[in-house]
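Written below as structure tokens is the structure these notes are about.
The values are calculated or read from the model by the stated rules, or taken from the named source; none is laboratory data. All values reported here derive from a predicted model rather than from experimental measurement. When we count neighbours, we look across all protein chains shown, and the Cβ atoms used for this are built from the backbone with ideal geometry, even at glycine. Just the protein is used for accessible areas: all its heavy atoms, side chains included, with ligands, DNA and RNA removed. Shrake-Rupley method; radii C 1.70, N 1.55, O 1.52, S 1.80 Å.
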Amino acid sequence: VDDIVNTGKTLSAAIRQLNESGAESVHAWATHGVFDAPGNTAPEMLQAIDGLDYLLISNSIGTNHLPPKIRQLNVAPLLAEAIARALHQQSISGILNIEELPQMAERYDG
């Protein structure tokens, strides 16, 4: 778990350590994938790591081409719900509470 993946070096080192310690699979998560800088080969490098099953990033930063091991999670519904709750003086932290998941189906719609 990390906040930003840019060069992929830190993630690559962590995956290598996990594999050397006996991990059978690695699933990585990062909030932001910053991959579109010219010459950035991090997506291809991460794709080539045998020990990585997948890297999940949010779509908070637009990225044109991602290899199959890098998956994007759409954060728009979560942000929209947080904004709606804030506008109506409702709990924002409540949407992050696992114990309240059954109640999330009845989100604020107006």
Quiz item: Out of P38, Q72, V26, whose Cα points farthest toward the positive end of the dipole of the chain (charges: +1 Lys, Arg; -1 Asp, Glu; placed on Cβ)?
Solution: P38
Quiz prompt | When the chain is reduced to its Cα atoms, the Kirkwood hydrodynamic radius in Å | solution = 15.9 Å
Quiz item: Per the helix-only calculation at 222 nm, which mean residue ellipticity applies to the chain, given -39500 (n - 2.57) for every DSSP H run of n ≥ 4 and division by its residues, nearest 500 deg cm²/dmol?
Solution: -8500 deg cm²/dmol
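Can you tell me which of 6-13, 36-43 comes out highest on packing, and rank the rest after it, using the mean Cβ neighbours within 10 Å? Intermediate results must be reported in sequence, preceding the final value.
Values: 6-13: 16.1, 36-43: 12.0.
In descending order of packing, they fall as 6-13, 36-43.
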Quiz item: To one decimal place, what orientation-averaged projected area in nm² is obtained for the convex hull of the Cα set of region 17-69?
Solution: 3.9 nm²
Exercise. Hey, can you find the accessible area per residue of the chain for me, probe 1.4 Å, expressed in square angstrom?
Key: 68 Å²
Exercise. Treating the angle as unsigned and between 0 and 90°, give the value, to the nearest 10°, between the Cα long axis of helix 76-87 and the longest Cα principal axis of the chain.
Key: 30 degrees
Quiz item: ³J(HN,Hα) across region 14-22 via Karplus (A = 6.51, B = -1.76, C = 1.60, θ = phi - 60°), whole Hz, x for Gly/Pro?
Solution: 5, 5, 4, 4, 4, 5, 5, 8, x
Practice problem: List, in order, the whole-Hz ³J(HN,Hα) value for each residue of region 59-74 obtained from phi through the Karplus relation with A = 6.51, B = -1.76, C = 1.60 and θ = phi - 60°; use x for Gly and Pro. | Solution: 9, 5, 10, x, 9, 6, 10, 10, x, x, 6, 9, 10, 10, 10, 6
Quiz item: Sorted by mean Cβ packing within 10 Å, highest first, what order do the peptides 49-62, 21-34 take?
Solution: 49-62, 21-34
